[in-house]
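Asks: Take this structure, written in structure tokens, and hold onto it; I'll ask about it next.
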Amino acid sequence: MIDVRDLRFRYGDGGFELVVPRLVIAAGRKVALIGPSGSGKTTLVHLVAGIRKPLGGRIVADGFDVVAAGERQRRQFRAARLGLVFQEFELLEYLTVRENILLPHYLSGAAWRLPAVRREADALAASVGLGDKVGRHPTTLSQGERQRVAIARALVTSPRLILADEPTGNLDPDATAAVLRLLLDEVERRGATLVMVTHNHGLLGAFDQVIAMEDVVRGGSA
Ligand code: ADP
Ligand code: MG
């Protein structure tokens with residue numbers, strides 16, 4: 001599902017360097033990615049998502065050659081085939097909950113116009129407990145509710161691969177448990193693969209596999 005080889009990345013000259021000789025994550029796995037702050041977890045997620053380009057190496061995600069692809073193909077891959085959940089949610093304040101959930105469809109084509117797709121967005125909103133709030137704007141929601149919108153958005157295209165970067169980082173323990181349960185249940189139900197970055201070691205028991213950055217990287221400052 002994810003196959004990384006000889007990956008090399010650096011932020012500018014003399015900046016943080018990330019070297020990953022080999023990382024393989026099998027399809028259908030629910031994986032927690034852990035490691036100290038600054039060890040390159042977010043950088044690695046962004047590389048797999050094709051948001052950043054490595055100096056060298058190979059990344060194949062869901063059969064897509066992320067490094068070889070052009071910018072346009074990578075954007076299309078992200079919008080159509082990847083579920084991305086960011087720590088800071090990245091919701092658009094001027095869009096409603098329903099429109100935020102539909103965003104990957106806006107970015108990848110015209111499917112958002114289809115009644116079935118709009119029904120799916122509303123069904124997802126309901127499944128994350130926001131069925132009565134699809135017309136609201138993110139500023140009127142709690143942190144936990146905003147994070148649930150971000151999760152619904154990551155699932156709306158039924159991606160085979162979901163990358164979640166500390167999706168519970170800003171939540172209190174109750175909301176953390178609820179968001180994690182929701183994410184794991186949806187991933188399980190869809191047979192998708194989940195890679196979730198987390199600092200919360202209390203959550204690790206819920207995953208099939210825990211990968212520590214220090215076991216993955218070589219050299220660099222990590
Ligand atoms: P983590 O997610 O594990 O906390 P990051 O991947 O965010 O780590 O960051 C790894 C290192 O790269 C840190 O030292 C950080 O300061 C540096 N870094 C992150 N983003 C940038 C950037 N845009 N430009 C330069 N350095 C960065
Ligand atoms: Mg990070």
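The values are calculated or read from the model by the stated rules, or taken from the named source; none is laboratory data. All values derive from a computational prediction rather than experimental measurement. Please note that ligands, DNA and RNA were not included when accessible areas were found on the heavy atoms of the full protein model with its side chains. Shrake-Rupley method; radii C 1.70, N 1.55, O 1.52, S 1.80 Å.
Asks: Under 17 Å Cα to Cα from residue 133, which aspartates and glutamates show up? Leave out anything in the same chain fewer than 8 places away.
Replies: In chain and number order, the partners are 93, 99, 120, 122, 145.
Asks: Which sequence of 190, 10 reflects their accessible areas, 1.4 Å probe, from the largest down?
Replies: Accessible-area ranking of 190, 10, largest first: 10, 190.
Asks: So which lysines pass the test for residue 30, namely a Cα distance under 22 Å, with those fewer than 8 places away in the same chain ruled out?
Replies: 41
Asks: With every protein chain left in place and a probe of 1.4 Å, what is the accessible surface of residue 88, to the nearest 10 Å²?
Replies: 120 Å²
Asks: Just to verify a number: what accessible area does residue 188 come out at with the full protein assembly present, 1.4 Å probe, Å² rounded to tens?
Replies: 120 Å²
Asks: With a 1.4 Å probe and every protein chain kept in, tell me what percent of the accessible surface of the chain is carbon plus sulfur.
Replies: 49 percent
Asks: So, for the chain, what is the accessible surface per residue at a probe of 1.4 Å, expressed in square angstrom?
Replies: Accessible area per residue, the chain: 45 Å².
Asks: Okay, next question. If you restrict to DSSP beta bridges whose two residues both lie in the chain, what percentage is antiparallel, to the nearest 5? Intermediate values should be presented prior to the final figure.
Replies: Details: 15 of 32 bridges.
DSSP beta bridges in the chain are roughly 45 percent antiparallel.
Asks: Something else about it: With axes computed from alpha carbons, what is the tilt in degrees of helix 173-190 against the longest principal axis of the chain, rounded to the nearest 10 within 0 to 90?
Replies: The answer is roughly 90 degrees.
Asks: Checking a compactness column here: for the chain, what do you get for Rg(Cα) / (2.2 N^0.38 Å), N being the number of residues?
Replies: Scaled against compact globular proteins, the figure is 1.00.
Asks: To continue, here is another question. Leaving out ligands, DNA and RNA but keeping every protein chain, what accessible area does residue 42 have, in Å² rounded to the nearest 10, with a 1.4 Å probe?
Replies: Answer for residue 42: close to 60 Å² accessible.
Asks: While we're here: Taking the alpha-carbon distance from residue 53 and a cut-off under 16 Å, which aspartates and glutamates remain once sequence neighbours fewer than 8 residues away in the same chain are dropped?
Replies: 3, 6, 13, 17, 65, 71
Asks: Follow-up. Enter the angle in degrees (range 0 to 90, nearest 10) between the Cα long axis of helix 97-108 and the first principal axis of the Cα atoms of the chain, meaning the one along which they spread out most.
Replies: Between helix and principal axis, roughly 50 degrees.
Asks: If you find the alpha carbon centre of segment 66-101 and of segment 140-181, how far apart are they in angstrom?
Replies: Value for the Cα centre distance between the two parts: 14 Å.
Asks: What number, in percent, do you get for the relative contact order of the chain if the mean sequence gap of Cα pairs under 8 Å and at least 6 apart is divided by its residue count?
Replies: Reported relative contact order: 32 percent.
Asks: For the chain, what does -39500 (n - 2.57) per DSSP helix run (n ≥ 4), summed and divided by total residues, give at 222 nm, in deg cm²/dmol to the nearest 500?
Replies: When only DSSP H runs of four or more count, the value is -11000 deg cm²/dmol.
Asks: Once both axes come from the Cα atoms, what is the angle between helix 115-127 and the longest principal axis of the chain, in degrees from 0 to 90, rounded to 10?
Replies: 80 degrees
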